[in-house]
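Shown next, in structure tokens, is the structure this report addresses.
The values are calculated or read from the model by the stated rules, or taken from the named source; none is laboratory data. None of these values were measured; they are calculated from a predicted model. Every residue, glycine among them, receives a Cβ derived from its backbone with ideal geometry; neighbour counts consider all protein chains shown. Remember, those area values only see protein heavy atoms, side chains included, never the ligands or the DNA or RNA. Shrake-Rupley method; radii C 1.70, N 1.55, O 1.52, S 1.80 Å.
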Amino acid sequence: MRLPPPSPHSVKRRSLITVTYNSREDLSRFWGDHELDVATEWIVVDNCSSDGSADLAETLGARVVRLPKNVGFSAANNAGLAEARGSFVGFVNPDIGITAASIDRLEEIAHATGAVVGPQLLHPDGSVQPNGRGFPLLTAKVRNRITADDADYLLSSAHTAPYPVVWLMGAAVFATRQTVDRIHGWDSRFFIYYEDSDFGLRAWKAGIPVLLAPEASAMHGWARETSGRFRVMPWVREVASMAKFYTRYPELLFSYKVAKRTHPAITEAVYSS
């Protein structure tokens, strides 16, 4: 990024919010050459990193909110939202690379539809990363860890027009500020994991569609903490969030049939075609 930190009094049309936790390497890789226009502010909320993430983000042009402890992904997103001045908001992970043209298109869709909208995520090799998801059944999530072949869960479209999904991976989620406020932001009771599934379901409950826009794309480095070398704490946090999520949505412990019957509006929008 080549812009100095914005004046706190300047008018901004849109706000990008990035939560960091020891994310210096990702910031350097995905945001080092990213240029913001004068109507866009980049807010980085740092969860008490120890690797200099906050300092690097400031060097790259972000307005940094330094938290005294790691409060988790959801609460940090809400902290960034409290600082945001734009009428269009994007929650973008530090390992996301997205062009201004894609952000422009997402903004157009969000204002035209009032929807929560996301770009099509791509792996660094350019292959499609399925980030538009169906009902987050427990069985679907487990099966997806083993083999990604569930067409009711990993949703896709052969067309370029935006299409409805149940929820979007939280790595790149966009909406107007008015829409985010109607959903009441992110639920901070989810420290990490399942907060994006909950965000999508609460959007639909509020009468707000959730759309994936294939004509807008973003590269996603994606390093899930519970993949690769085994570490206890990420699994503890995932299981804790899982318990909270399925206590709130017990119908998703069962089958697609039960989920579709319980959520007829989502079913009609997402699965009727």
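Over the chain, what is the mean sequence separation of C-alpha contacts under 8 Å (at least six apart), divided by residue count, expressed as relative contact order in percent?
20
Identify which of S28, S102, S50 has the largest mean-square fluctuation in a Gaussian network model of the chain, with springs joining Cα atoms closer than 10 Å.
The residue with the greatest mean-square fluctuation here is S50.
May I ask you to derive the relative contact order of segment 94-224, considering only C-alpha pairs under 8 Å and at least 6 residues apart, and to give it as an integer percent?
In percent, rounded to a whole number, it is 43.
Compute the accessible area per residue over segment 44-158, keeping the other protein chains in place, probe 1.4 Å, unit Å².
Counting only protein heavy atoms, the per-residue value for segment 44-158 is 39 Å².
Taking all protein chains in place and a 1.4 Å probe, what share, in percent, of the accessible surface of the chain do carbon and sulfur account for?
Solvent-exposed carbon and sulfur of the chain make up 56 percent of the total.
Suppose only helical runs count, i.e. DSSP H with n ≥ 4. What mean residue ellipticity at 222 nm does that imply for the chain under -39500 (n - 2.57) per run, divided by all residues and rounded to the nearest 500 deg cm²/dmol?
After summing the helix terms and dividing by residue count, I get -10500 deg cm²/dmol.
Say each of T262 and E215 gets a label point 7 Å from the Cα, pointing the same way as Cα to Cβ; how far apart are those two points in nm?
3.6
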